[in-house]
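Taking it in order: structure first as structure tokens, then the write-up.
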């Protein structure tokens with residue numbers, strides 16, 4: 001009987017390792033690290049970093065000056081990402097020069113020179129690996 005109660009707790013403890021983002025520890029299933037900034041994952045949506053803020057791509061987009069702008073799909077602007085034009089509903093711009101697509105309403109994330117879906121992969125030190133769930 002004691003082993004039966006202990007087994008689920010052991011599975012929960014082994015399910016996910018804490019990682020570092022700057023000086024903070026975080027669970028990759030709950031946050032995404034952008035350099036030294038953590039942005040939450042909320043109900044399956046990955047929030048992106050823009051300047052010093054985190055944002056939902058369903059409500060905002062990050063302009064070329066790292067300022068949040070309200071998203072208005074009826075008059076979508078064409079933005080610039082390192083000299084490449086893009087629609088903020090279709091792509092997310094990282095570090096001012098790297099585009100990753102938004103798939104099914106969720107932005108893919110940057111890992112080194114690649115884009116990835118955090119439900120299928122994880123990124124550690126610029127290398128793709130298995131998801132951290």
- Tally of residues being over 18 Å from residue 98 (Cβ atoms) and buried (at least 16 other Cβ atoms within 10 Å of the Cβ) across region 116-130: 1
- Note on the structure: Filtering region 83-100 for residues that are modelled with pLDDT of 90 or more and within 22 Å of residue 52 (Cβ to Cβ) leaves a count of 9
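This table checks each residue for (1) surrounded by fewer than 18 Cβ atoms within 10 Å (Cβ to Cβ); (2) under 27 Å from residue 20 (Cβ atoms).
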site: 32; (1), (2): no, yes
site: 36; (1), (2): yes, yes
site: 57; (1), (2): no, yes
site: 69; (1), (2): yes, no
site: 76; (1), (2): yes, no
site: 96; (1), (2): yes, yes
- Message: Return the residues of region 28-84 that are free of Cβ contacts under 8 Å to residues at least 12 places away in the same chain and under 11 Å from the mean Cα position of the chain (by Cα); say none if nothing qualifies.
- Response: 30, 31
- Could you tell me whether region 6-20 includes any residue that is part of a strand (DSSP E or B), modelled with pLDDT of 90 or more and under 19 Å from the mean Cα position of the chain (by Cα)? yes
- For region 101-118, what are the residues that are in contact (Cβ under 8 Å) with a residue 24 or more places away in the chain and within 17 Å of residue 50 (Cα to Cα)? 102, 106, 107, 109
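The values are calculated or read from the model by the stated rules, or taken from the named source; none is laboratory data. Every value quoted in this text rests on a predicted model; they were computed, and no experiment measured them. Because the Cβ atoms are built from the backbone with ideal geometry, glycine has one as well, and the counts that use them run over all protein chains shown.
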